[in-house]
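To start, the structure under review is shown below, and the notes come after it.
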Amino acid sequence: MLFTRLKVFLYYTGYWLLFVVVFAVMFVLFAAAAVGIPFGVMLVIYGAAGLVLKEDVIVTRLAPPVLLFGGLALAFLAAACGLIAVKLGFFVSRRFLVVKRRCDRLRDW
């Protein structure tokens, strides 16, 4: 009985440690997405304006195509970070169901 309680406690403790680590990673990825997407879109707008107006310098000394395609790359990379964070959330929630089922079986045994 005591061994079963200890085992259940250790399973839940391990899960919560995993949850804290994954939550920290998710927070960083969501922050990167929240900052990266608007910044990438802003670079795309500056690059497009530079191409349309035939200007070499708008905000930085970068060429407009670099701003345009770099901004697109940054926006898509930041969006991918957001999707990875969502996938990590799904992973952690599935792990919780596995741990809960295992602990319920241990308690019933």
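The values are calculated or read from the model by the stated rules, or taken from the named source; none is laboratory data. Everything numeric here is computed off the predicted structure, so don't read it as measured data. Cβ placement follows ideal geometry from the backbone for every residue including glycine, while neighbour counts extend to all protein chains displayed. Side chains are part of the model used for accessible areas, which takes the heavy atoms of the whole protein and leaves out ligands, DNA and RNA. Shrake-Rupley method; radii C 1.70, N 1.55, O 1.52, S 1.80 Å.
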request  = Select, from Ala34, Ala49, Ala78, the only residue that is surrounded by 15 or more Cβ atoms within 10 Å (Cβ to Cβ) and within 14 Å of the chain's Cα centre (by Cα).
outcome  = Ala78
message = Kindly evaluate Phe19 against the criterion of being open to solvent by 80 Å² or more (accessible area, probe 1.4 Å), under 22 Å from the mean Cα position of the chain (by Cα) and in contact (Cβ under 8 Å) with a residue 24 or more places away in the chain.
response = no
key: Where a residue in the range 24-35 is assigned to a helix (DSSP H, G or I) and its partner, wherever it lies, is open to solvent by 50 Å² or more (accessible area, probe 1.4 Å), with Cβ under 7 Å and at least six apart   = Leu29/Ile84
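Looking at Leu67, Leu97, Leu10, can you tell me which residue is at pLDDT below 95, open to solvent by less than 40 Å² (accessible area, probe 1.4 Å) and assigned to a helix (DSSP H, G or I)?
Within the list Leu67, Leu97, Leu10, the selection yields Leu67.
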request  = Kindly list, by first and then second residue, each pair from a residue in the range 86-109 that is in contact (Cβ under 8 Å) with a residue 24 or more places away in the chain to a residue that is hydrophobic (A, V, I, L, M, F, W, C), limited to pairs with Cβ atoms under 6 Å and residues at least 6 apart or on different chains.
outcome  = Leu88/Val22; Leu88/Met26; Val92/Phe19; Val92/Val22; Cys103/Val8; Leu106/Val8
request  = Report, by residue number, each residue of the range 61-109 that is touching a helix residue (DSSP H, G or I) at 6+ places or on another chain (Cβ under 9 Å), closer than 25 Å to Val25 by Cα and charged (D, E, K, R).
outcome  = Arg95, Lys100
request  = Check whether at least one residue in the range 82-90 is open to solvent by less than 80 Å² (accessible area, probe 1.4 Å) and either over 30 Å from Leu10 (Cα atoms) or in contact with a strand residue (DSSP E or B) (Cβ under 7 Å, 6 or more places away or on another chain) (or both), and report yes or no.
outcome  = yes
message = Within the range 52-64, take every residue that is open to solvent by 50 Å² or more (accessible area, probe 1.4 Å) and not in a loop (DSSP other than H, G, I, E, B) and give me the one that is modelled with the highest pLDDT.
response = Val52
